[in-house]
Amino acid sequence: MGIAEFLHMGGHGFYIWGSYGTALFLVIVEVFFVSKRRKKAKEELEQMEAEFSRVDNQGING
């Protein structure tokens, strides 16, 4: 069995490798979007902490 036969997979290679390629692409896209959401959430948290610190230093919270 050669590499060409392996890649051809009995006539189903296009569907199999296409499925693997699609899944890999979607995993990469998901990692990108998760990274983006994480960065945005971190920035929002830092902004909320700064706001809380500002309010707390004014004596409004205790």
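In a shell of Cβ-Cβ distance under 14 Å around Ser35, excluding Ser35 itself, what net charge do Lys and Arg (+1) and Asp and Glu (-1) give?
Values: positive: Lys36, Arg37, Arg38, Lys39, Lys40, Lys42; negative: Glu30, Glu43.
Computed value for this residue: +4.
May I ask for the percentage of alpha-carbon pairs in the chain that lie more than 20 Å from each other?
Values: 1151 of 1891 pairs.
Of the Cα pairs, 61 percent sit more than 20 Å apart.
With a 10 Å Cβ neighbour count serving as the proxy for reagent exposure, in which order, fewest first, do Ile3, Ile16 appear?
Working: Ile3 7, Ile16 13.
Final ranking by Cβ density, sparse to dense: Ile3, Ile16.
Full-extension gain between Arg37 and Ser53, please, as 0.36 nm times their residue separation minus the C-alpha to C-alpha distance. All intermediate terms of the calculation are to be shown ahead of the outcome.
Numbers: separation 16, 0.36 × 16 = 5.76 nm, distance 2.41 nm.
My answer for the length gained is 3.4 nm.
If I fit a long axis through the Cα atoms of helix 13-57 and take the longest principal axis of the Cα atoms of the chain, what angle between them do I get, 0 to 90°, rounded to 10?
0 degrees
Any read-out appearing in this document is the output of simple, stated calculations on the displayed coordinates, not a laboratory observation. Model, not experiment: these values are computed from the prediction. Don't worry about glycine lacking a Cβ; one is built from the backbone with ideal geometry, like all the others, and counts go over all protein chains shown.
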